[in-house]
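Structure first, commentary second.
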Amino acid sequence: SAPTPDLVIENDVFWPVWRAMGRGPVIIAEGLKKALSLLQQGIPAIALRGVTQWHAKGGRALWPELAELSQGREVLIAFDQDAKVTTRAAVSKQAALLGNAIERAGGRPRFMVWDGRQGKGIDDALASLPEGDRQGWLQRVVNMAISPQEHRRAASQAMATAILSPT
């Protein structure tokens, strides 16, 4: 089957009510476990099966589900904070393409970043914290999410680093 996004909560009530409320961000995560860890913190999350799986093969338009949920809304992208320079550059490129597609769909993309030593994935970073600290940490990361312009600057630096020292 096609690698369409997982809406994590798949029922006829949650997403229609959430859309109708018209507020609050949604987070797009790299994998089901990561989206479920966000959901445990009370954040609506969408799971992609990989960083390139936000569109149909051969296209650059968001899956219809993502486009609909992006309209008029802040969409946070929480891809892994990889340590390997070349992987970080490739992931950053896909995040930028996803951000562009979200903008074309009428959404406001922002990119979540955290210290990768705390956990490569958002799930690992949350699990590294005592339960009572998770909500506060997640709120700080959401508040500090960077704009597309800041992300492009960081992506350019990651690409240059990957070219100069491909380790």
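The values are calculated or read from the model by the stated rules, or taken from the named source; none is laboratory data. Quick caveat, the model's predicted, so the values are computed rather than measured. For neighbour counting, all protein chains shown are included, and Cβ atoms are generated from backbone atoms with ideal geometry for every residue, glycine included. The accessibility values were calculated without ligands, DNA or RNA, using every heavy atom of the protein model including side chains. Shrake-Rupley method; radii C 1.70, N 1.55, O 1.52, S 1.80 Å.
Among L32, L48, L129, whose mean-square fluctuation peaks in a Gaussian network model of the chain (Cα, cutoff 10 Å)?
L129
From the protein chains alone at 1.4 Å, what is the descending order of accessible area for K57, K120, K33, largest first?
Largest to smallest exposure gives the sequence K57, K33, K120.
Counting pairs of Cα atoms in the chain, how many percent are more than 23 Å apart? Don't skip to the answer; put the middle values down first.
Working: 5002 of 13861 pairs.
Above the 23 Å cut-off, the chain has 36 percent of its Cα pairs.
Provide L98, L39, L164 ordered by accessible surface of protein heavy atoms (probe 1.4 Å), highest first.
Greatest to least solvent exposure: L164, L39, L98.
If Rh is defined by the Kirkwood formula over all Cα pairs and Rg also comes from Cα, what ratio Rg/Rh do you get for segment 126-167?
Rg/Rh for segment 126-167 comes to 1.21.
Considering only protein heavy atoms and a probe of 1.4 Å, how much of the accessible area of the chain is carbon and sulfur, as a whole percent?
After summing per-atom areas, the C and S share lands at 54 percent.
For the residue pair E103 and T52, what label-to-label distance in nm results when each label sits 7 Å from Cα along the Cα-to-beta-carbon direction?
My value for the distance between the label points is 2.3 nm.
What figure in square angstrom, to the nearest 10, would you give for the accessible area of H55 with a 1.4 Å probe?
Looks like 20 Å² after rounding.
Given the options I28, I146, I122, which has the most mean-square fluctuation in a GNM of the chain, springs set between C-alpha atoms less than 10 angstrom apart?
I146
Whole-Hz ³J(HN,Hα) for each residue in segment 95-101, computed from phi via Karplus 6.51 cos²θ - 1.76 cosθ + 1.60 with θ = phi - 60°, x for glycine and proline: what do you get?
So the Karplus estimates, Gly and Pro as x, are 4, 5, 4, 4, x, 4, 5 Hz.
With +1 on each Lys and Arg Cβ and -1 on each Asp and Glu Cβ, how big is the dipole of the chain about its Cα centre, in debye rounded to the nearest 20?
With only Lys, Arg, Asp and Glu charged at Cβ, the dipole is about 520 debye.
Label S147 and Q40 with points 7 Å out from Cα along Cα→Cβ: what is the distance between them in nm?
My value for the distance between the label points is 3.5 nm.
Gaussian network model of the chain, Cα springs within a sub-10 Å range: biggest mean-square fluctuation belongs to which of A78, A89, A154?
Highest fluctuation among the options: A154.
Within straight cross-link reach of K33, meaning Cα distance under 22 Å, which lysines are found once same-chain residues fewer than 8 apart are removed?
K84, K120
In Å², what does the accessible area per residue of the chain work out to with a 1.4 Å probe?
Per residue, the chain has 52 Å² of solvent-accessible surface.
Heads up, I need the accessible area for V85: 1.4 angstrom probe, whole protein in place, Å², nearest 10.
20 Å²
Spin-label point model (7 Å from Cα, Cβ direction): what's the A160 to A127 distance in nm?
Placing both labels 7 Å along Cα→Cβ, they lie 3.6 nm apart.
How much solvent-accessible surface does E74 expose, in Å² to the nearest 10, with a 1.4 Å probe and all protein chains in place?
Here the residue's solvent-accessible area equals roughly 40 Å².
Using amide H atoms built 1.01 Å from N in the peptide plane, name the residues 5+ places from I77, or on other chains, whose amide H lies under 5 Å from its own.
Those qualifying (amide H under 5 Å, at least 5 residues apart or on another chain) are I28, R110, F111, M112.
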